[in-house]
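A short worksheet on the structure shown next.
Bear in mind these aren't lab numbers, they're just calculated from the coordinates by the rules spelled out. Bear in mind the structure is a predicted one, so any value in this text is a computation, not a measurement. Cβ coordinates were reconstructed from backbone atoms using ideal geometry, including for glycine residues, and neighbour counts include every protein chain displayed.
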Amino acid sequence: MSLKQKTLDLKKRMHEALQGGGVQANEKQAAMGKMTARERIVALLDPNSFFEYDLFVEHSAKDFDMDKKILPGDGVVTGTGTITGYPVCIFAQDFTVAGGSLGFMHARKITKIMDHAMKLKIPLIGINDSGGARIQEGVNSLAGYGDIFYRNTLASGVIPQISVILGPCAGGAVYSPALTDFVFVVDKISKMFITGPEVIKTVLGEEITMEELGGARVQAEVTGNAHFFAESEDECFDQIKKLVTYIPWNNTKKAESFPKKTPNTKLFKIEDIFPTDPTQPYDVRNVIRSIVDDSDFFEVQELFARNIVIGFARLNGQTVGFVANQPLVLAGVLDVDSSDKGARFIRFCDAFNIPLVTFVDLPGYLPGVDQEHAGVIRHGAKILYAYSEATVPKMTVILRKAYGGGYIAMCSRHLRADFVFAWPTAEIAVMGPEGAANIIFRAEILAAENPDEMRKQKVKEYKKKFANPYVAAAFGYIDAVIDPNETRRFLIHAIEVSSHKDESRPMKKHGIPPF
Ligand code: HXC
């Protein structure tokens, strides 16, 4: 055959392989409101930037008549490309081919692109649309998942790993995402579960729909397995495009810096956001918006454990990770879920050289039987661990309440914050004035002619003495009590002078965080 003929033969083979599961299966996918694997990659990556590999990989299974079946590309598309100029390795499972199920060669394609990502030191994006381990391939598909989980773990903290759930994902198809840094879901399309409704019905006799069991909303609001929720696949891809601009390519780099922009202080004015009455709630996200570049705050896990707010923004063009108590929800307390949410984000920022800014306003850890029995001791300790372990620049601003364990946990000086600032409205104490007065002045209150009057007077006394930032400032636990309108200036300066921060922790194989 001439070169021309051979090239034509190649084109024919490519054309056949690119059909995926075929016209009918592709139409079925479209009818469900889902793009095909390649359409998804094209929509996410920069135009003409995708290069596909292993198109001609074939499955090797023989049992259950599998040797008579052709599964194009073995149900997964892999390659490299760029997103807004950033290089990435990517795979997308093709549900039109055997339900995107993971057989031996399918797994080999994924582990190969994962190995590439680790060698090239660039982010890995996995688009998951799969029924999990391919049943016909038995232990070989389980082995394939094991190889993927192992690599997810090795890559953790080395390169960013992003998972997108775009279909019904079962078994291993959700455990791999759970080991990655960010999980994206789309309403009505994403479903995640270890065992689906059929198995649940058989084993437990319980009836539940896929959506109720593990739909996108459930994962974003209830379980916290998902970090980003979108209404459509296109919106989801826009979220990923935005996320990659905030994070570095790998753990040896810093995130790209962007041109400096000022916040919109007309729209987000601290005097309008922050209430005069200390018992009134406010939206801490607006405080963040009032100080960050372009007032642009990219929130992570917006719908889960809303009593803590986490996300990325820029200060003078530099990426910063924000962790803030949210007084709008449960007065911003730390509980089981908010501790998990905060701790994981802190560890991501620390692994990827992103400075941390913490805004504090909380009455402490949430009391109650439910929380104690749900393990608030173990979960709450994660925040202590994550902040203590983190060596990136750590800046803390105490806006209002910083009581008890909450004061220590929210990146206090004692957990080695580099800079601790407090607004004049800050109250740093072992507990709130009412609770404290009831305990330490109990005898006087009981003995008084008018106990209520006495209680009020003692609360007032306590407030005067402790409900301010000056006692902590007198011990040097706070570096500066600042005008709230100076917050941006102080933080930018702190980040600038911390740019060569070099701090280490004792050498060890690894710590044992309270997982
Ligand atoms: C082989 C599979 C498959 C699988 C789906 N298919 N899952 N083939 N192995 N695991 C095939 C179907 O046979 C069908 O083929 C096609 O994919 C589409 O599937 P449907 O069932 O028609 O689609 P839908 O109704 O949308 O349901 C999707 C689904 C369901 C919810 C994912 O297929 C399902 O429950 N699959 C099994 C899920 C599961 O239990 N997986 C094993 C997990 S254990 P045809 O030829 O008819 O088009 C696991 C081990 C790892 O993953 C554990 C790690 C710790």
Set of lysines with alpha-carbon distance to LYS456 below 17 Å, sequence-local pairs under 8 removed: LYS464, LYS465
Ranked list, fewest to most other Cβ atoms within 10 Å of each Cβ, for LEU384, LEU446: LEU446, LEU384
Three-way shape call for segment 337-479 based on the alpha-carbon gyration tensor, with the a/c threshold at 1.5: oblate
Residues ASP452 and LEU55, FRET efficiency given R0 of 56 Å [Cβ-Cβ distance, rounded to 0.05]: 0.10
Computed FRET value (nearest 0.05) for THR111 with ASP272, which takes r as the C-beta separation and R₀ as 51 Å: 0.45
Over 18 Å between alpha carbons, listed pairs LYS121/LYS254; LYS109/LYS254; LYS12/LYS62; LYS253/LYS501: LYS109/LYS254; LYS12/LYS62
Rg over Rh, two decimals, the chain (C-alpha only, Kirkwood Rh): 1.05
Residue-count net charge about VAL292 - beta-carbon cut-off 10 Å; Lys, Arg +1, Asp, Glu -1: +1
Nitroxide proxy distance, nm - points 7 Å out along Cα→Cβ at LYS69 and GLU27: 2.2
All lysines inside 27 Å of LYS188 as judged from Cα atoms, apart from same-chain residues fewer than 8 positions distant: LYS28, LYS34, LYS201, LYS241, LYS242, LYS341
Given charges at beta-carbon only (K, R positive; D, E negative), |dipole| of the chain in Debye: 1400
Overall form of segment 23-76 per C-alpha gyration tensor (a/c, 1.5; a/b vs b/c): oblate
Label-point gap, in nm, between GLU461 and VAL158 - each point 7 angstrom along Cα→Cβ: 6.2
Proxy reagent accessibility, fewest Cβ within 10 Å first, across THR487, THR80, THR265: THR265, THR80, THR487
Value of relative contact order over the chain, rounded to a whole percent, pairs C-alpha under 8 Å and six or more apart: 8
Within segment 290-434: Cβ-based charge dipole about Cα centre, in debye rounded to nearest 20 (Lys, Arg +1; Asp, Glu -1): 360
Hypothetical label at LYS188: residues of segment 216-246 whose amide nitrogen lies under 14 Å (7 Å Cα-Cβ projection): 216-217, 230-235
Residues TYR470, TYR282, sorted so that the one with the fewest Cβ neighbours within 10 Å comes first: TYR470, TYR282
Theoretical FRET efficiency, 1/(1+(r/R0)^6), r = Cβ-Cβ of LYS253 and VAL139, R0 35 Å, to 0.05: 0.35
Charge sum, other residues only, whose C-beta stays under 12 Å from ARG400's C-beta, Lys/Arg counted +1 and Asp/Glu -1: -2
Extreme residue, positive dipole direction of the chain, given options ALA173, PRO514, GLY33 (C-beta unit charges): PRO514
Positive-end extreme of charge dipole, segment 239-377 - chosen from PHE348, PHE258, GLY375 (charges on Cβ): PHE258
